[in-house]
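Structure record follows, encoded as structure tokens.
Each reported figure results from applying straightforward, stated rules to the coordinates on display, with no laboratory input. The structure presented is a predicted model; accordingly, all values stated were derived computationally and were not measured. Note: ideal-geometry Cβ built from the backbone for every residue, glycine included; neighbour counts use all protein chains shown.
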Amino acid sequence: MQKFGDKMEKKWDLNSLYTGFQGKYLEDIELLKKLIKERIKEINDNKRDSIIYIESVIKNDEKITILIGKLFSFAELTLSTDIINEEADKYISIITLIINDSVKAEVDFQKYIKNVDLEELKKSSDIINNYSFILSKLGKTASHLLSKKEEVLYSKLRKVCGSSWGKIQEITTSNLLCDVNGESKTLTETRNLAYSADSKVRKDAYYAEQKAYKSIEDVVAISLTNIKYESNVLLKLRKYKDPITYNLEENCNMKRESLDALMSAILEFRPVFIKYLKAKAKYLGHKKSLPFYDLFAPLGKSNSTIDFDTACSLVLDSFYSFSPKLGDFAKKAIKNNWIDVYPKKGKVGGAFCANLPYIRESRVLLNFTGSLDNCLTLAHELGHAYHGEIISDELPLNTNYPMQLAETASIFCETIMGKNLISKVTDKEEKIAILEQSVSDSTQVIIDILSRYLFEEDLYKKANNSLSASKLKSMMINAQKKAYLDGLDHDILHPYMWICKGHYYSVDGNFYNFPYAFGLLYGRGLYASYLKDPEEFLKNYDKMLFLTTHATAEDVTLSMGIDITKKDFWIDSLKVIEEEINELVVLLEK
Ligand SMILES: [Zn+2]
């Protein structure tokens, strides 16, 4: 593994959570058991006065939520850099079992909330008023609950159904080794070679990756189909109209018309992206359309690799140009070792940020190999961490934000970084390199995400029967053809995209694809507003991020003067990307 001569391993430091699975960790598990017992008793015993009852349940829940957050995060973060860590795995199961004990009481409480007049109660209680958004959502969701017995049974079975199928995908892909010209590489390492400046390396890596999937395709196909089957059964029992409706109501706090406006703008704009893909194919010397293995090929003069310290300086420089607060925040995250930097065997692929608002910190996982894309990812994940910092001021139960707004701060920070990088460049080849990186990323987030959305839509329709790996492959190919049109070579697509993207493997979090497109276009739209009036923008930006935890998506965006139910907003944001594409195409054709 390349280390760019730096002596540090650059692992994240989890000590502010716990120092290990002993001592304080075990004490906190005992405390959790005690609090859960009290909660069950509280819910069962005390329904005399609505306000006193609801307030005391909430106060107890605040303590439990903080404790679960700490215990779970420590185990899950440990597991994400060491996927076979048995202790972490064991404690996730233990905590899950402890929580499951309270399911029956939770159902009771939820059904109780459904029947109280929250509008009236919040007039006399600050606590109820502060939590009125999540309480009223709880009441609405109550109408989708099954019987108490069924909810308890399902919560007990979850670990061996949906969750375990997801785990199979995680373990098989984390442990998968690809033979790249005789050299054994992890899947993440191999997929990272798609960004190599050497065309032979990209092509060889692509074929090595495709070949490696063969050994796990049947197992992962079963796990994917079972997850979607389970999800279908559950949503039907819970009387949701369809998986999207569930997702919009439960995970997005968003109206269907906002999603429809977004998707219809994207479908309309496909030809703009195709223009870029064709120009890229021509630039790389392909006679036909672009083959999948060259989709991420860097164009222009790509400065071989950027070391991590340089990447950090670039991010800080960009963030400080936006606001000192954002710059100082990123500096703190880097200095205090919140980031796990390099890929290694047994570490999950990709990148993510975990907010830990109860300790006012976050952790960022990267698989940094020094590409320009990796640098943008660093800015992106630190954007998530900044969002986490803003919501640290919130009440303990108001720290979750919906999936599509989760990408707001990240995309915004990535945009600041990209714009800052390009503003410094005068050399044509270097300009192409940076501009192309940005356009390539947008193409992923709009067009590839469209293919994943179409695939998942199709998957939900068909998953009532088991689907073979070859069926899933042909479904993926069809989705890619519909999204990329003739922008990609139809003979060299990526039929296994369903294996390597972890987002499909969750029973509750379906359609974790359009949130990225939402995030990108909302972020770009915000950036356009920022340029128009930076001072005014800065006044509202943090407030808007704060609002994400307790308002509908429509209300959050309206606070910045944006109406997401209208296609016009999405079209305007897409036009910002179109300008970049036009600029790039001219440079490529010169
Ligand atoms: Zn993100």
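For this structure, a couple of remarks:
- Burial ordering of Ile84, Ile562, fewest other beta-carbon atoms within 10 Å first: Ile84, Ile562
- Among Leu295, Leu26, sorting on how many other beta-carbon atoms sit within 10 Å of each Cβ, with the fewest leading, yields Leu26, Leu295.
- For region 24-160, a crude dipole built from +1 on the beta carbon of Lys and Arg and -1 on the beta carbon of Asp and Glu, taken about the Cα centre, is about 420 debye to the nearest 20.
- Mean sequence separation of contacting Cα pairs (under 8 Å, at least six apart), scaled by the length of the chain, corresponds to a relative contact order of 19 percent.
- In percent, rounded to a whole number, the relative contact order of region 24-160 is 26, using alpha-carbon pairs under 8 Å and six or more apart.
- Sorting the segments 238-246, 466-474 by their residues' average number of neighbouring beta-carbon atoms within 10 angstrom, most packed first, yields 466-474, 238-246.
- Computed extension gain for Thr426 through Asp572, at 0.36 nm per residue and net of the alpha carbon distance, reaches 49.8 nm.
- Sorting the Cα pairs of region 24-160 by distance into bins of 10 Å, from 0 upward, gives 11, 36, 34, 16, 3, 0 percent per bin.
- Here the spin labels are modelled as points 7 Å beyond Cα on the Cα-Cβ line, and at Lys159 and Asp458 they lie 3.7 nm apart.
- Note: the chain, Cα convex hull, 146 Å³ per residue.
- Cβ-based exposure ranking for Arg524, Arg363, in which fewest neighbours within 10 Å come first: Arg524, Arg363
- The distance from the alpha carbon centre of region 210-237 to that of region 5-45 is 32 Å, rounded to a whole number.
- Against the empirical curve 2.2 N^0.38 Å, the C-alpha radius of gyration of region 251-326 lands at a ratio of 1.68.
- Region 328-471 pair-distance distribution - Cα-Cα, 10 Å bins, rounded %: 10, 31, 31, 21, 6, 0
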